[in-house]
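Okay, so here's the structure we're looking at.
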Amino acid sequence: MGKITDILRTMEYGPAPEATDIVTAWLGQHAAGFDHFIGGKFVRPAGGKRFAVTNPATGAELAQVAQGSAADIDRAVKAARSAQKGWAARSGEDRARYLYAIARHVQKRERFLSVLETMDNGKPIREARDIDMPLVARHFYHHAGWAALLSDEFPGLGPVGVCGQIIPWNFPLLMLAWKVAPALAAGNTVVLKPAEYTPMTALAFAGICREVGLPDGVVNIVTGDGETGAALVAHPGIDKIAFTGSTEVGRRIREATAGTGKKLALELGGKSPFIVFDDADLDSAVEGVVDAIWFNQGQVCCAGSRLLVQEGVAERFYAKLKARMATLRVGNPLDKAIDIGAIVAPVQLARIIELVEQGRREGAACHQPATALPGQGLFYPPTLFTGIEPASTLAQTEIFGPVLVAMTFRTPDEAVALANNSAYGLSASIWSENINLCLDQAARIQAGVVWINGTNMFDAAAGFGGYRESGFGREGGREGMREYLKPLAARKAMAAATAMTFDATPAPDAVPVDDLDRTAKLFVGGKQVRPDSGYSYTLTDPKGRSLGQAGLGNRKDIRNAVEAAHKAGGWSTVAGHNRAQVLFFLAENLGARKAEFAARLTALTGQKAAVSEKEVATALDRIVFYAAMADKYDGRVHATKARHVTLAMPEPFGVMGISCPDEMPLLSLVSLIVPAIALGNRVVATPSQRHPLIATDFYQVLETSDVPAGVVNLVTGERDVLAKTLAEHDDVAAHWYFGSAEGSAMVECASAGNLKVTWVNYGLARDWLSRADGQGEEFLAHACQIKNIWVPYGE
Amino acid sequence: MNAPHGANARPRNPGMPLALDLVRAVQVNASAVERRTATLPGRRSVKKEWQAAWLVRALECIDLTTLAGDDTPGRVHRLCAKARNPLRADIVAGLGLATPPRVGAVCVYPTMVAPAVAALEGSGIPVASVATGFPAGLTPLPLRLQEIREAVKDGAAEIDIVITRAHVLNQDWQTLYDEIRAMREACGDAHLKAILGTGDLRTLRNVARASQVAMMAGADFIKTSTGKEDVNATLPVSLVMLRAIREYFEATGHHVGFKPAGGLRAAKDALNWLILMKEELGRDWLEPDLFRIGASSLLGDIERQLEHYVTGRYASLSRHALA
């Protein structure tokens, strides 16, 4: 019997390998080892060291690449620095031409790059070819457009400077594109450090940079390991760090860059929920799971790795899923009919094996299909755990492998509760044929990206990035461009503060009292409360005379204030119109007491009466501005794919900490807390430590203005002591700090605990009286996070 | 009686009482279905001898069809001759096949059944007849049933009926069920293929529900289209129908076949459909008793591809006998 007769009996697929001859020949030309790409040239590593890069599917060595040292990084940063001015000085259209050429050349080298990526990373050639490379090209096209539009669309903003970019091994060239394209579009130059396991396509990309004639030094690529990355993070000549990788390393980068003024974007881990309701198209949802957790061997930061199924359909869904798992093909990633390729490195495979063992030990039911695995190479079968509980290790830990854990829920509320029961907040998939239910879930789930009846949808025009410990900053779309821009206006240092004490002992002189003695309290949960410590500190005027006392707040007062703010969650969900009404009323009530506040300011600060009047008048204007914005600072519908609505919705963080400066104590307080609450945040603010009594007067206005209890909480006391507690607080999602340079560094460093979003002033002054500097888009953009919700449609 | 041939001879689908709750519970997410079918051809690939074998299988699943107003006994005779001998002898030999492959059936209008049966005598190839007022299906029900009986009497082993699309559009599942049930009775031993006219049904949800009702009413096959609608067989429509077949199989244990028809012209199309069958329903559904392709020009392209496999040269249609 002939072979064809046999195949007619089995109807197997047979092998369908992609050819590798061209890539193999290219690797052969570099048998002596690959160099760094610095200043437009390939340069040997300063230390002369190289390391091996292997194909995870075979274990074969692909190449020797340069081990980057601090000296190499320094050289690359200098090259980037010397190229940056010239690059930024080119017209947007000119930069667009280069980005367009890169997009075109990626397409011309599409198969070469796909094959190289698969050999280096182990991902199926189907994914490299059909997903990664088209998205790479799309990203450069899209950002060629942003380069041309920059001055029109982002007036007043310009490039950050030299960007250090550290990318992961799961989507090597795609992550390069996500980082390099917006950086270049905005006029930055870059030093990019590819992942140690997967530097090959970045080195091929260096060739494309040369091929399109990109000016020397605009893109620099230094290969190496974690130490190379650390050297890049630490380099003082870097203006921004963009990192994609583990939450653990992201924390270290947050700490290392604290106080340096380096702009930071972190795209970190996830344990994203994949929620299936009983009215979902279950067969389609099963395919969704395949694309969620068995895409790229599950080594995807936004993998839908936590399956939440409504209890009534759970058994049916699991049965369908198990049947589907049996048809997944695991093996040679260069085979065109392979679904699951190789795990990137032995250490990653070992971690997956260990976590699965732990899941088994904890008693969860583990299902793996009887799929044949290749005899060699780093492979792991698709795996499903059922009987997982939120308390299980596997429910909380990011596995970064083809392992799905499943739980059931009963009601939409419970689905939300389980979905949000995670330190992460990168993405979510929601499956139901009820659009009401889908959008309700999308609004309530804490995640930067939500896919409705879909998963792992990406487009350069949409923002991608996380909430919570999944990091901050966005890549893609308008919100992604902002990450590579900064205000063009230069800022001066604040005037040096004169020393002050927080003396809680009886004051040496009497406070002049016209009427009864006044006791300023803290304002927590809508109530005036005494400080937990029982201490108050004496405030003095510029001449050193006692003005009165303010409560000396401590960490417990911050704790109480944060709890009160959390209870005021309704503020975040009411309509913008409702918030606008409250804010207009606030302005109305402050307006009625204009003269009183101006006089008080003069008494407290010693500033001229005219200045105080201006401060109060500006504060009033500012409240009106944000009252107006409360129902107008809305989102966008991104132009992504056909028949998709991609909503970019600004959402409040929830509870924010705000540390206010001493300058313009009323106006700066208003300028900081009002934009935050206008967008639906609840705030715990520490007013000017030197002039807190204007804030304690202000809470009376809050009380009379229908500001709900807990929306604004004011804790007086020593700014940096309170700021530290706020920055360290895991239930505070964002922190604005306007104080000293040292305090800024402290806040950024302490924020690493829950990776809260911070906005600090590094001790630089702001002109609170100015409309341009004291209010507007910059404040609003920092008061919200963008959630992208993908809604594909069609019947 | 010409029984359908193939490796899997199975009991027919007896149908079941209409279960409206199951029909109404059907959910189909159109964009997710489209994503699945858009990526499927990129996820699976057959090359070299595997591709050749799969194309032979596709050939064996073809319902070689002529459904034109100018059909004559002579025209049907020519088609049947091709059905008996679909592949040139040198290609059969080059593929190493012990016996020449034959097509799944020949499909004609009712008045052409008798000439077709005569032309295919002794070949074992069944004759399929469209019936029930094909393609619109809007003649009175007694006439439609009578048409089935006439075709069966003339020797048709398979009847491709068209459903009343109005019953689907108006969600009148009981009437649809009753009609198909009556048609199934009229068929007697002949197998019933229910043409849903998916291009007229418009939504995938309608397609899924109509599929369920047709199977409950005892259809042996569900078939996409008449070939006369604006849109005929597409991968999304097929995926939805295959999932319905799987659902029905899991609920009842009965195998129901699938027949895409209309618009499948290239060998590559046939491979995509075979891949879809294997992925969604498994190996059992890769035989002509559970899979047919309604086509007229597809065979020519398969012949050319198989000749290329055997000779290494790209082929010309002029070297292959006309169907």
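The values are calculated or read from the model by the stated rules, or taken from the named source; none is laboratory data. Fair warning: this is a prediction, and the values are worked out from it, not measured in the lab. Quick reminder, even Gly has a Cβ in these numbers, built from the backbone with ideal geometry, and neighbours come from all protein chains shown.
Number of residues in region A:373-403 that are assigned to a strand (DSSP E or B) and buried (at least 21 other Cβ atoms within 10 Å of the Cβ): the value is 4.
Given the options A:239, A:278, name the one that is surrounded by fewer than 24 Cβ atoms within 10 Å (Cβ to Cβ) and over 23 Å from residue A:751 (Cβ atoms). If you could, list the steps in order and put the result at the bottom.
Values: A:239 fails: over 23 Å from residue A:751 (Cβ atoms).
Of A:239, A:278, the one residue that is surrounded by fewer than 24 Cβ atoms within 10 Å (Cβ to Cβ) and over 23 Å from residue A:751 (Cβ atoms) is A:278.
Only a single criterion out of (1) within 24 Å of the chain's Cα centre (by Cα); (2) farther than 24 Å from residue A:54 by Cβ; (3) away from chain B (no Cβ under 14 Å) is not satisfied by residue A:226, namely (2).
Within region A:769-795, the set of residues being crowded, with 18+ Cβ neighbours inside 10 Å, under 25 Å from residue A:576 (Cβ atoms) and over 20 Å from the mean Cα position of the chain (by Cα) comprises A:774, A:775, A:791. Of all residues in region B:32-46 being over 13 Å from residue A:291 (Cβ atoms) and of a type in the set (Ser, Thr, Tyr), which is nearest to the other protein chains (Cβ to nearest Cβ)? Looking at the filtered set, the residue picked out is B:45.
Does residue B:23 satisfy the criteria of being part of a helix (DSSP H, G or I), closer than 22 Å to residue B:248 by Cα and touching a Lys or Arg at 6+ places or on another chain (Cβ under 7 Å)? First the steps, then the outcome.
On the way: part of a helix (DSSP H, G or I): yes; closer than 22 Å to residue B:248 by Cα: yes; touching a Lys or Arg at 6+ places or on another chain (Cβ under 7 Å): yes.
Answer is yes for this residue.
Within the group A:219, A:249, A:180, which residue is within 18 Å of the chain's Cα centre (by Cα), within 25 Å of residue A:88 (Cα to Cα) and not charged (D, E, K, R)? Among A:219, A:249, A:180, only A:180 is within 18 Å of the chain's Cα centre (by Cα), within 25 Å of residue A:88 (Cα to Cα) and not charged (D, E, K, R).
Every condition in (1) surrounded by 21 or more Cβ atoms within 10 Å (Cβ to Cβ); (2) in contact with a helix residue (DSSP H, G or I) (Cβ under 8 Å, 6 or more places away or on another chain); (3) closer than 24 Å to residue B:86 by Cβ holds for residue B:148 except the one numbered (3). State which residue pairs qualify: first residue farther than 17 Å from residue A:156 by Cα and inside region A:765-790, second residue in a strand (DSSP E or B) and among the small types (Gly, Ala, Ser) in any location, beta carbons under 9 Å apart, and separation of 6 or more residues or different chains. Cβ pairs passing all conditions: A:765/A:493; A:783/A:734; A:785/A:734; A:786/A:648; A:787/A:648; A:788/A:648; A:789/A:648. What number of residues within region B:271-323 are assigned to a helix (DSSP H, G or I) and at pLDDT 95 or above? So the answer is 28. Within region A:780-795, the set of residues being within 14 Å of another protein chain (Cβ to nearest Cβ) and either part of a strand (DSSP E or B) or at positive phi (or both) comprises A:790, A:791, A:792, A:794.
Just wondering, is there one or more residues in region A:764-773 that are outside any loop (DSSP other than H, G, I, E, B), more than 30 Å from residue A:637 (Cα to Cα) and not charged (D, E, K, R)? Yes, the conditions are met somewhere in region A:764-773.
Scan region A:253-285 for residues that are part of a helix (DSSP H, G or I) and polar (S, T, N, Q) and jot them down. Please lay out each step first, then the result.
Of region A:253-285, the ones part of a helix (DSSP H, G or I) are A:253-257, A:282-285.
The answer is A:257, A:284.
Residues of region B:170-218 that are within 14 Å of chain A (Cβ to nearest Cβ) and either among the hydrophobic types (A, V, I, L, M, F, W, C) or closer than 21 Å to residue B:142 by Cα (or both): B:201, B:204, B:207, B:208.
Take the conditions modelled with pLDDT of 95 or more, among the aliphatic types (A, V, I, L, M), surrounded by fewer than 20 Cβ atoms within 10 Å (Cβ to Cβ) and within 30 Å of residue B:248 (Cβ to Cβ) and apply them to residue A:406. Does it pass? Before the answer, list the steps.
On the way: modelled with pLDDT of 95 or more: yes; among the aliphatic types (A, V, I, L, M): yes; surrounded by fewer than 20 Cβ atoms within 10 Å (Cβ to Cβ): no; within 30 Å of residue B:248 (Cβ to Cβ): yes.
For residue A:406, the condition - modelled with pLDDT of 95 or more, among the aliphatic types (A, V, I, L, M), surrounded by fewer than 20 Cβ atoms within 10 Å (Cβ to Cβ) and within 30 Å of residue B:248 (Cβ to Cβ) - is not met.
All of A:412, A:487 fail the test of being at pLDDT below 95 and either surrounded by fewer than 20 Cβ atoms within 10 Å (Cβ to Cβ) or over 14 Å from the mean Cα position of the chain (by Cα) (or both), apart from A:487.
Residues that are within 14 Å of chain A (Cβ to nearest Cβ) and surrounded by fewer than 24 Cβ atoms within 10 Å (Cβ to Cβ) within region B:58-81 comprise just one, B:60.
For region B:80-167, please list each of the helices (runs of 4 or more DSSP H) lying entirely inside it that holds at least 3 residues being in contact with a Cys (Cβ under 9 Å, 6 or more places away or on another chain).
Numbers: elements: B:89-94, B:113-119, B:141-153.
Where helices (runs of 4 or more DSSP H) fall fully within region B:80-167 and carry at least 3 residues being in contact with a Cys (Cβ under 9 Å, 6 or more places away or on another chain), they are B:113-119, B:141-153.
Among the residues of this structure, residue A:65 counts as one that is at pLDDT 95 or above, in a strand (DSSP E or B) and surrounded by 22 or more Cβ atoms within 10 Å (Cβ to Cβ).
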